[in-house]
Structure formats: C-alpha cells, structure tokens
Amino acid sequence: MTGPISESGEVSAPTLETTRKFSGNLLILLAGLAAIGTLSTNIILPSFASMATDIGVPARELGLLLSSFFAAFAIGQLLVGPLSDRYGRRPLVVLGLVVFIAGSLWCSRADDMNELILGRVVQALGVCAASVLSRAIARDLFDGEVLTRALALTMVAMAAAPGFSPLLGGALEQALGWRANFLVVAVLGAVLIPLYLSGAGETLPPSRRSPKALASAAPGYLRLLLDQRFLLPALAVSLVIGGLYGFFAAAPAILMGRLELSALQLGWFFAATVFVVFAAGLLAPRFARRFGVVKVGLAGILIALIGGLTLLPTIAEGLVPFSLAITVFLFGMGLINPLGTALTLHPFPDRAGLASALLGCLQMSCAAAMTALASALPLPPVTALGVILTTVSALALAAFLLYRSRGNNG
C-alpha cells in the first residue's frame, strides 16, 4: 500500500492502510454514484423541443430546468456533508436516492413548467448525496496513490455521463417520448440502492464520526475556505468543471443551430467526447506517478486554456475546428479534474464529508454560473463558449499557480 500524497504532490512512504480492497466492482459502484446526477442533467437536452411544445413554453425557458437543478444540487451538498460525518454515509446515500427517485417520477408526470422545476429541485436535493458521498466514500477507503486512482476513475464517470446521456435521451425521446427519460433515471436510482448496500455499505465507522458535525458545519466550511490547501485546488477544479457545463449548455445552439446537426447527431457528438475524458482520466494517475501531481495538474489547465483560446472569433467556424478545440479543452479538463480533486481532499481525512460537500458546492455553483452565461452573453454561440472556456481556464491557472507558489511543488 502506498502512502499519502504530500503537499508537494509526491507519494510518501506507507502510513495508512486501506479498509477495503481496491476492486473493479467497488469502483463501478463509486462511478455509478458519482455519475447518476450528471447523467440525469443532460439526458433531457435532446428533448427540449418536444418538452416545450407539450407544456406550452418557449424552448429557451427550459434552461431553468438546468439552473434550478444546479442551484439545488449545490445547496443540498452543504447539508449532506456534515450530516454524513455525523450519522455515516449509508443513511444519506439511501435516503438521497429515494428522494431522487421520487423527484424523477414527479417530473415524468409533470404538466407545466412549475411542476417540472419542482421535480428537478427534488431530484437534485436527493441525488447530490450520491454524488458528494462517492468522493467521501473513496476517501474513507483509500489513501495515497490508490485514492488518486479511485478518484480518477470516478471523476471520469462523473464527467463522461453528461456525454453519453444526450445520446440515450435522444433515443428514448424518439422511441417513447421525453417522459421516458425521467422514468429511466428513476430506475437507475433504484438499482443503485441494493448495489450500494451490498457492495460498500457503511464506510465511516462510529469511531471516526463527528458528534458535533452539524453544529460545527458553518465554521468548518469557513475554515476550509480559508485554508489554501483546500481553496486553491478546489477553485481550479470547479472553474474548469464549470467550463465543461458551459460547453454542454452552448453545444446545442452551436451544433444544431449553426452547424445543422440533428438531435441524434448531437447525441453522438456528446458521446464521442466521452472517450477524450476517459483517456485523460486513465493517463492522469500514470503521469502523476512519473512527473508529480501538481505538475500534471498544471499541464492539464494549460491544455484546457489552449482549447478555450482556439474557440475565439474566426478560429473555430466549422465542425472539424470546433471539435478539435473542444477535444483539447476536454483532455486538459480530464487531467486536472481527478488530480485536483485528490489534492483538495487529501489533507482532510477527518473532514472528508465536509470537504467533499464544499467542493461539490463550488463545482455546481460554477456550473450554474457558466450555464447561465452560455445563453446570456450577447455574442455568437461559439464566441461566447470561447470566452467562457478561456476565462475559467485562466482563472483556474492563476489559482493553481498560487497553490504551487505556496510550496506545493510536484
């Protein structure tokens, strides 16, 4: 067993044993918990036109189904973290999935915009527990290089799910109508409950729980925000993830509006991006072992920045240039996401739930902001996306350089 990641990004001598064997089944479970929330977000994108017609609203208003989900997701995680540190992971994961199923079923029967928004909020409040606690469970079970590998694979799943889900959503919408999307994610949530109970169960023993977790939540979040070991890598990861969701929000207008792809072709485009993220996620821990976590994370941000710059005016007007620019951004994002997450969580094993919750809140807050900007900026869609990706990557680079300047050199 390898030891923990030092602040320099290196792996030290063994100091902590894992409590669970690093297995494929466990990683699949963690990936499923991490991915169910992002899958349920993008699965509805190809159905916006038919949903708007059925409930009688302009298609542009359906963006509220994304922003309301992200806002509730961000806020809910702040409660899930301390609750799980106090009462354990199992009750929060199971209850969260039950609430998610209820919200999904509500959406499947909704007849107007208000009902859909309410259902999406309920969905988000439930599924945020699975997402945030997938990282906390990984931190409970693993340490050092093994933690980096586990987080790399779960973060790949979390980032890849929005890529595959529009293809699934488009196929379901064509065959069964848009309501089938909500029924399918409800079924997936129901399947995860017994898989979680049999495959992982409770990973935080009573001896490691914090009886004062709820009372100390607000001061605990403040201490984390004031701790550069948490804040700087967390900001870097969250900003780049915000850019990813900005891409998802802008892509339909670019690919279907300007480049005239069909809904099914849009789904295939999103699905193709998954392999870029998957490749980067697999390479990230290998590069980190050779060059150091911080150096590889910094390289990832620089690559993402190059992708954003390539989308600026007159550079990416066609499908091929656009695809190449997005590929570059996604590869960089796929490097920094797992490594930055590991650096963020590693110094806080006694506050894994709290730290993971705050990280998730920052990520979803950035997602909500970038999703709103993608439709609000008074610019052509490609240019607006280029501005978003360039800005978030530049800010992430500044945060990570400051992190490294504080002595965290990998």
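Going by the structure shown, is residue 275 among the aromatic types (Phe, Trp, Tyr) and open to solvent by 10 Å² or more (accessible area, probe 1.4 Å)?
Against the criterion (among the aromatic types (Phe, Trp, Tyr) and open to solvent by 10 Å² or more (accessible area, probe 1.4 Å)), residue 275 qualifies.
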If you take the residues in the range 262-296 that are farther than 14 Å from residue 340 by Cα and among the small types (Gly, Ala, Ser), which one is modelled with the lowest pLDDT?
263
Would you call residue 368 within 13 Å of residue 77 (Cβ to Cβ), assigned to a helix (DSSP H, G or I), touching a Ser or Thr at 6+ places or on another chain (Cβ under 7 Å) and open to solvent by 10 Å² or more (accessible area, probe 1.4 Å)?
yes
Would you point out which residue out of 339, 312 is among the hydrophobic types (A, V, I, L, M, F, W, C) and either assigned to a helix (DSSP H, G or I) or free of Cβ contacts under 8 Å to residues at least 24 places away in the same chain (or both)?
339
Pairing a residue in the range 195-211 that is at pLDDT 75 or above and of a type in the set (S, T, N, Q) with any residue that is in a loop (DSSP other than H, G, I, E, B) and open to solvent by 50 Å² or more (accessible area, probe 1.4 Å), where Cβ atoms lie under 9 Å and the two sit 6 or more apart in sequence or on different chains, gives 203/19; 203/20
Residue 201 passes all but one of the listed conditions (1) in contact with a Pro (Cβ under 8 Å, 6 or more places away or on another chain); (2) open to solvent by less than 10 Å² (accessible area, probe 1.4 Å); the exception is number (1)
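Open to solvent by 10 Å² or more (accessible area, probe 1.4 Å), out of contact with any helix residue (DSSP H, G or I) (no Cβ under 7 Å at 6 or more places or on another chain), in a helix (DSSP H, G or I) and within 17 Å of residue 243 (Cα to Cα): is that true of residue 324 in this structure? I'd like the intermediate steps shown before the answer.
Working: open to solvent by 10 Å² or more (accessible area, probe 1.4 Å): yes; out of contact with any helix residue (DSSP H, G or I) (no Cβ under 7 Å at 6 or more places or on another chain): yes; in a helix (DSSP H, G or I): yes; within 17 Å of residue 243 (Cα to Cα): yes.
It is true that residue 324 is open to solvent by 10 Å² or more (accessible area, probe 1.4 Å), out of contact with any helix residue (DSSP H, G or I) (no Cβ under 7 Å at 6 or more places or on another chain), in a helix (DSSP H, G or I) and within 17 Å of residue 243 (Cα to Cα).
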Identify the residue in the range 374-383 that is among the hydrophobic types (A, V, I, L, M, F, W, C) and in contact with a helix residue (DSSP H, G or I) (Cβ under 6 Å, 6 or more places away or on another chain) and, among all such residues, is most open to solvent (accessible area, probe 1.4 Å).
377
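The rows are residues; the columns are (1) among the charged types (D, E, K, R); (2) modelled with pLDDT of 95 or more; (3) open to solvent by less than 40 Å² (accessible area, probe 1.4 Å); (4) closer than 29 Å to residue 138 by Cβ.
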| residue | (1), (2), (3), (4) |
| --- | --- |
| 82 | no, no, yes, yes |
| 86 | yes, no, no, yes |
| 89 | yes, no, yes, yes |
| 92 | no, no, yes, yes |
| 98 | no, yes, no, yes |
| 102 | no, yes, no, yes |
| 106 | no, yes, no, no |
| 110 | no, no, yes, no |
| 115 | yes, no, no, no |
Report yes if some residue within the range 27-49 is at pLDDT 85 or above, of a type in the set (Val, Ile, Thr), part of a helix (DSSP H, G or I) and crowded, with 19+ Cβ neighbours inside 10 Å; otherwise report no.
yes
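So which of 186, 175, 171 ends up being surrounded by 17 or more Cβ atoms within 10 Å (Cβ to Cβ) and more than 30 Å from residue 294 (Cβ to Cβ)?
On the way: 175 fails: surrounded by 17 or more Cβ atoms within 10 Å (Cβ to Cβ); 171 fails: surrounded by 17 or more Cβ atoms within 10 Å (Cβ to Cβ).
From the options 186, 175, 171, the qualifying one is 186.
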Given the conditions (1) closer than 17 Å to residue 48 by Cα; (2) assigned to a helix (DSSP H, G or I); (3) of a type in the set (A, V, I, L, M, F, W, C); (4) touching a Phe, Trp or Tyr at 6+ places or on another chain (Cβ under 9 Å), which single one is not true for residue 183?
(4)
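Criterion first (closer than 30 Å to residue 85 by Cα, assigned to a helix (DSSP H, G or I), touching a residue at least 24 places away in the same chain (Cβ under 8 Å) and aromatic (Phe, Trp, Tyr)) does residue 400 satisfy it? Even if it seems obvious, please write down each step before you answer.
On the way: closer than 30 Å to residue 85 by Cα: yes; assigned to a helix (DSSP H, G or I): yes; touching a residue at least 24 places away in the same chain (Cβ under 8 Å): yes; aromatic (Phe, Trp, Tyr): yes.
Here the answer is yes, as residue 400 does meet what is asked.
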The range 107-145, residues that are more than 20 Å from residue 355 (Cβ to Cβ), part of a helix (DSSP H, G or I) and out of contact with any Leu (no Cβ under 7 Å at 6 or more places or on another chain):
113, 114, 115, 118, 119, 121, 122, 123, 124, 125
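Give me the residue from the range 298-333 that is among the small types (Gly, Ala, Ser) and modelled with pLDDT of 90 or more and, out of that set, nearest to residue 157 (Cα to Cα).
Keep residues of the range 298-333 that are among the small types (Gly, Ala, Ser), which gives 299-300, 304, 307-308, 316, 318, 323, 325, 332.
After this cut, where a residue has to be modelled with pLDDT of 90 or more as well, the list is 299-300, 304, 307-308, 325, 332.
On the way: 299: 21, 300: 18, 304: 19, 307: 22, 308: 23, 325: 22, 332: 16 Å.
Only one residue fits best here, namely 332.
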Go through the range 117-141 residue by residue and tally those that are open to solvent by 50 Å² or more (accessible area, probe 1.4 Å) and either under 20 Å from residue 58 (Cα atoms) or among the polar types (S, T, N, Q) (or both).
1
Could you list all residues from the range 278-321 that are under 15 Å from residue 392 (Cβ atoms), among the hydrophobic types (A, V, I, L, M, F, W, C) and open to solvent by less than 10 Å² (accessible area, probe 1.4 Å)?
301, 304, 311
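If you check residue 243 against the conditions, is it in contact (Cβ under 8 Å) with a residue 60 or more places away in the chain, in contact with a helix residue (DSSP H, G or I) (Cβ under 6 Å, 6 or more places away or on another chain), open to solvent by less than 50 Å² (accessible area, probe 1.4 Å) and more than 20 Å from residue 172 (Cα to Cα)?
Against the criterion (in contact (Cβ under 8 Å) with a residue 60 or more places away in the chain, in contact with a helix residue (DSSP H, G or I) (Cβ under 6 Å, 6 or more places away or on another chain), open to solvent by less than 50 Å² (accessible area, probe 1.4 Å) and more than 20 Å from residue 172 (Cα to Cα)), residue 243 qualifies.
The values are calculated or read from the model by the stated rules, or taken from the named source; none is laboratory data. The structure displayed is predicted, hence computed values, not measured ones. Ideal geometry is used to build each Cβ from the backbone, glycine not excepted, and the neighbour counts take in all protein chains shown. Areas reflect the complete protein model, heavy atoms only, side chains present, ligands, DNA and RNA absent. Shrake-Rupley method; radii C 1.70, N 1.55, O 1.52, S 1.80 Å.
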